[in-house]
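What follows is a set of notes on a single structure, which appears directly below.
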Amino acid sequence: MKFFSQILRVVALSLAAFTAVSNAAFLPVCQRTPQVKKFLEEATRKTCDTMTESDLLPITRVAVDDGTVTAFQADDFSGLTNLEILNIRNNTYTELPEGLFTDLVNLKTLVIISTTLRHYPDDFLATNPKIEDLHLFRNAVRSISESVLTRLEKLQNLNTLDFDFALGDAEKARLQKDFPDNGKVQLSFY
């Protein structure tokens, strides 16, 4: 009997540790960027203090494009594992924190247009293998890191790739080589 109680204790401790680790990155909705919090409250019809991670599962589209976001927090979109469309256009943020898109494993469309974004984070699209459409123009991005370019090349579902015309010549040439005219991916510069 003592042996079984020890096993139960170990299982209970392991389960508690697993639960703590699996929820570690989930940012409570009330602590998120105000515009993200507001969108999630409207989408779920719940107040942020009553919202749980399971309340976020049905959400497949988020639009935070009202022009008032100056910065995002790394876990603003945590728990949105079924999100397919993210629109964060028309805002004045200059950077995106690493980890912002980590939970978005089903993301298909990302819209970052008309912002003051200067560069893509090192982990940009690292956890978003289902991306189909990327609309990334009218921003202040002029160069793309090698890791992000390599990641773009490996995206299996990519159909549309829109970048800013003011992107550096080397980046444009690389993208045109990787995504030639009449290829599977429609590459455009605006």
Collect the residues in the stretch 130-149 that are more than 17 Å from Glu95 (Cα to Cα) and part of a loop (DSSP other than H, G, I, E, B), keeping them in residue-number order. Lys130, Ile131, Glu132
Evaluation of Leu104 against (1) touching a residue at least 40 places away in the same chain (Cβ under 8 Å); (2) within 26 Å of Phe163 (Cα to Cα) (one fails), failing number: (1)
Could you tell me which of the residues Val105, Val141, Val111, Val148 is of a type in the set (Val, Ile, Thr) and either surrounded by fewer than 16 Cβ atoms within 10 Å (Cβ to Cβ) or modelled with pLDDT under 95 (or both)? Val105
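Do the conditions hold for Arg89, that is, is it more than 22 Å from Leu56 (Cα to Cα) and of a type in the set (Lys, Arg)? Quick ask: steps written out before the conclusion?
On the way: more than 22 Å from Leu56 (Cα to Cα): no; of a type in the set (Lys, Arg): yes.
Criteria not met by Arg89.
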Return only the number of the condition from (1) in contact with a Gly (Cβ under 6 Å, 6 or more places away or on another chain); (2) surrounded by 13 or more Cβ atoms within 10 Å (Cβ to Cβ); (3) of a type outside the set (A, V, I, L, M, F, W, C) that Pro129 does not satisfy. (1)
The stretch 163-174 residues that are under 20 Å from Thr115 (Cα atoms) and open to solvent by less than 50 Å² (accessible area, probe 1.4 Å), paired with ones that are among the small types (Gly, Ala, Ser) and in a loop (DSSP other than H, G, I, E, B) (beta carbon under 8 Å, 6 or more apart): Leu167/Ser143; Gly168/Ser143; Glu171/Ser143
Check off (1) among the β-branched types (Val, Ile, Thr); (2) in a loop (DSSP other than H, G, I, E, B); (3) within 15 Å of the chain's Cα centre (by Cα); (4) over 25 Å from Lys172 (Cβ atoms) for Thr92 and give me the number that stays unchecked. (3)
Looking only at the stretch 41-75, and only at residues there that are in contact with a strand residue (DSSP E or B) (Cβ under 8 Å, 6 or more places away or on another chain) and either open to solvent by less than 50 Å² (accessible area, probe 1.4 Å) or not aliphatic (A, V, I, L, M) (or both), the one that is farthest from Ile113 (Cα to Cα): Thr60
Go through (1) touching a residue at least 24 places away in the same chain (Cβ under 8 Å); (2) surrounded by 15 or more Cβ atoms within 10 Å (Cβ to Cβ) for Lys184 and report which single condition fails. (2)
Does any residue of the stretch 106-129 turn out to be in contact with a Leu (Cβ under 9 Å, 6 or more places away or on another chain), closer than 20 Å to Thr33 by Cα, part of a strand (DSSP E or B) and of a type in the set (S, T, N, Q)? no
Among the residues of the stretch 39-76, count how many are under 13 Å from Leu27 (Cα atoms), part of a loop (DSSP other than H, G, I, E, B) and either more than 15 Å from the chain's Cα centre (by Cα) or not polar (S, T, N, Q) (or both). 6
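The values are calculated or read from the model by the stated rules, or taken from the named source; none is laboratory data. Since the structure is predicted, the reported quantities are computational estimates derived from the model, not experimental observations. Virtual Cβ from ideal backbone geometry, glycine too; neighbours counted across all protein chains shown. Note: accessible area is taken over every heavy atom of the protein model, side chains too, but ligands, DNA and RNA are not part of it. Shrake-Rupley method; radii C 1.70, N 1.55, O 1.52, S 1.80 Å.
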